[in-house]
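First up is the structure itself, then whatever we jot down about it.
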Amino acid sequence: MKSKIIASAVSLVLVVGVVIGVVAVVSKDNTNDNPQLNSHNKAVTTLCNDADDKKLCHDVLKPVGNSSNPKEYVEIVVKTTMESVIKAFNMSDRLTIEHGKSNPGIKMALDDCKDLLQSAIHELEASGVFVRDGNIQDVLTHSAELKNWLGAIIAYQQSCLDGFNTDGEKNIQTQLNTGSLDNVGKLTGLALDIVSGISKMLSSLDLDLNLKPASRRLLEVDHEGYPTWLSTSDRKLLATKSEVGLIPHAIVSKDGSGKYKTILDAINSYPKGHKGRYVIYVKGGVYNEYITIDYMKPNILLYGDGPSKTIITGRKNFNEGVKTMRTATFSTEAEDFIAKGITFENTAGAIGHQAVALRVQGDRSVFFDCAIRGYQDTLYVHAHRQFYRNCEISGTIDFIFGYASALIQNSKIIVRKPGPNQSNIVVADGTDQKNMPTGTVIHNCEILPESALQVDRLKVKTYLARPWKAYSKAVFIENVIGDLIQPEGYIPWAPEPNTQFPYFAEFGNTGPGANTQARAKFSKGQISKQEAEKYVAERWIQASTWLPATGIPFDGGFTK
C-alpha cells in the first residue's frame, strides 16, 4: 500500500515541479560563476522567505543540495508529506488495535482519523487533474485548485485531532500528533507557502509569463451559453430551470409511490462508474435516517418538494457519547453535489451540545432553497469550496463551523435561543495555516433572531464569530445585521485566544448590529471595497469556473 500511495503523489509533484523546473534553464546570473547554484539559491531563498516556518523550509529542502532543477524542491516536500500521512494512517490503525476495545470514544476518534487520512490520500491522488502537457501557464492558472486541495488535507489533519476531545483521550491525541500528524500539518502548510510563493519566485528570476489568476479564468461556452464540456443530459437538466418535467433516476416516497422508501436506498442505487448527473427526487415527508454520500458518488442532484415538506431528520449528539463528525444527520463527501428544496435537521436541542445537521466535504457542493436547522454546530462546512443560496441556517453556538472555502449568499442566518448561561456565535472557522484558501463568507444575508429569542435577544449575548484556529477567517459583506449582535462583534476562543492572526472583516453591512466602531481590537472591522472584492463569489470560490454548470443563481460580485 505504501509504495502505491507514494507513487500516486507523483502527479502533485509534477504540478509545481513543471512550473518551477524551467528556472534552471532560463535563469542565469552572469555575475556568478555557477549559474546553476545561483538559480538554486534564489529559488530556495524566495520560497522560504514566503514560508510560515522558514527553518523547516530550509531543513526540508536541504537534501536537494545544489540541484539546478527546482522541481526537486517541491518533490521532497510532497514526498515527506505523503510519508507522514502514511505514518499517521498506520499509527491510527495500531492505536485502534491497542486501545479500541477498552474505550469506545477512542475507537470512534481513531476510526474517523483513518477515514480522514484516506481522504487526504485521495486529495493528493486527485491532483493529477493539474498535469497537462508541461504547459507552465496552464498549470499556474490552476494554482487556486491546487491550494484548494492542499487546504483540504490540513482540514482532515485538524479534524482528526479534533476528535480527541475528552481528558481520557488526550494521551492518544498526543501520541498521534507527535508521531506524525503534526508533520502532516506543517509540511502541507509548507507546500501551500511554496505554491503561494511561485509567482514571486518567478519574478525574482526575471521570468514574466503574463499570467492571469485562476479566479479570472472564464468558462468556454458554446452558442447556447453552456460550458463546452457539459454533457447532453446536464444540458437538458439546466434547460428545465426547475425540476418540473425532469425524469429522475430514483424516486423516494414514504408511502411507497416511489421506487424507494428511504433516501439511503436511493443513494445506494447509484450505478458504479455513472457518468453525468444522477438525479434523486425525494417526495414530501419526514425521513428519519442518517446518510453519508461517499466520494465515489459524484454529481448527485437531490431535490425535494420544498424545505417545509421534505425533511431529513436525526438527533445524534455529543452529549450522548457520539463524536461531533458522526453526529451529522446528512453527510456528503462527493464532488459536485447539489441539494434543492430540502430541510436537513438535528433535533437534539441545546442540551445535546455538538449536534450536526449537515456535514459537507466534497468540492463544488451547492445548496439551494434548503433549510439547515440545529443548535450547536449545525452546519459543518468541512472542506473544499461550498455555495449556499436562498437557504435558512439556524443554530446557537458555532453553528456554522469548519475548514471550507464557504460562501453563503441571499440567505437567512437565524440565531436560536441557547441553553442557560450560553452565548451564541454564528461562525467558528478552522483556518490553521497562513496560506490556506479557507474561511466563511456571508454575503447579502439577514442575521436575525428566531421568535423564541426575540424577547431576550438583548440579554443573550450573540457574536458574529470567534477564532477557532490560529488564522480563522470570517467575512461579512452587504448583510442586514440585527440588533442582537454585541457591539464588539467577536470574542476570543478559550482556552487559546487565537487573537494574533484571525481575519474578521466587514463591508457594506446595514442594520442596528452593523456598527463597527466598538468591534474587538483583534478584528479588522470595516474594510475597503478593494479589500472586500477578494471575498465575493468570483474571487473567493472561482465561481465562473463551476457555478454556471449547476444552474443555481449566484452573484459574482457586490449586490448593492
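Can Glu533 be described as under 27 Å from His384 (Cβ atoms), surrounded by fewer than 19 Cβ atoms within 10 Å (Cβ to Cβ) and more than 19 Å from the chain's Cα centre (by Cα)?
Values: under 27 Å from His384 (Cβ atoms): yes; surrounded by fewer than 19 Cβ atoms within 10 Å (Cβ to Cβ): yes; more than 19 Å from the chain's Cα centre (by Cα): yes.
For Glu533, the condition - under 27 Å from His384 (Cβ atoms), surrounded by fewer than 19 Cβ atoms within 10 Å (Cβ to Cβ) and more than 19 Å from the chain's Cα centre (by Cα) - is met.
Scan the stretch 160-172 for residues that are over 14 Å from Arg326 (Cβ atoms) and in contact (Cβ under 8 Å) with a residue 24 or more places away in the chain and report the count. Steps first, please.
Applying the first criterion (over 14 Å from Arg326 (Cβ atoms)) to the stretch 160-172 yields 161, 166-172.
If we keep only those that are in contact (Cβ under 8 Å) with a residue 24 or more places away in the chain as well, we get 166, 168-169, 172.
Residues meeting the conditions: 4.
Examine the stretch 403-415 for a residue that is crowded, with 24+ Cβ neighbours inside 10 Å, in contact with an Asp or Glu (Cβ under 8 Å, 6 or more places away or on another chain) and of a type in the set (Phe, Trp, Tyr), and state whether such a residue exists.
Looking for residues that are crowded, with 24+ Cβ neighbours inside 10 Å, in contact with an Asp or Glu (Cβ under 8 Å, 6 or more places away or on another chain) and of a type in the set (Phe, Trp, Tyr), one finds at least one in the stretch 403-415, hence yes.
Out of curiosity, is Ala452 modelled with pLDDT of 95 or more, hydrophobic (A, V, I, L, M, F, W, C) and in a helix (DSSP H, G or I)? Write out each step before concluding.
Values: modelled with pLDDT of 95 or more: yes; hydrophobic (A, V, I, L, M, F, W, C): yes; in a helix (DSSP H, G or I): yes.
The answer is yes for Ala452.
Report yes if Ala494 is within 25 Å of the chain's Cα centre (by Cα), surrounded by fewer than 18 Cβ atoms within 10 Å (Cβ to Cβ), in a loop (DSSP other than H, G, I, E, B) and not charged (D, E, K, R), otherwise no.
On the way: within 25 Å of the chain's Cα centre (by Cα): yes; surrounded by fewer than 18 Cβ atoms within 10 Å (Cβ to Cβ): yes; in a loop (DSSP other than H, G, I, E, B): yes; not charged (D, E, K, R): yes.
When the stated conditions are applied, Ala494 passes them.
Contact list please: Cβ distance under 6 Å, first residue in the stretch 435-452 and within 14 Å of Cys391 (Cα to Cα), second residue surrounded by 19 or more Cβ atoms within 10 Å (Cβ to Cβ) and of a type in the set (Gly, Ala, Ser), pairs at least six apart or on different chains.
Sorted first by the residue in the stretch 435-452, then by its partner, the pairs are Cys445/Ser411; Ile447/Gly482; Leu448/Gly482.
I need every pair where a residue in the stretch 280-291 that is assigned by TED's automatic domain parsing to the domain that holds Ser308 and among the aromatic types (Phe, Trp, Tyr) has its Cβ under 6 Å from the Cβ of a residue that is buried (at least 18 other Cβ atoms within 10 Å of the Cβ) and not in a strand (DSSP E or B), sequence separation at least 6 or different chains.
Cβ pairs passing all conditions: Tyr281/Pro248; Tyr287/Ile263.
Among the residues of the stretch 310-338, write down those that are closer than 19 Å to Gly285 by Cα and touching a Lys or Arg at 6+ places or on another chain (Cβ under 8 Å). It would help to see each step written out before you state the result.
Of the residues in the stretch 310-338, the ones closer than 19 Å to Gly285 by Cα are 310-315, 329-330.
The answer is Thr310, Thr329, Phe330.
The values are calculated or read from the model by the stated rules, or taken from the named source; none is laboratory data. What you are looking at is a predicted structure, and each value in this text was computed from that prediction instead of being measured. Neighbour counts run over all protein chains shown; Cβ positions are idealised from the backbone, glycine included.
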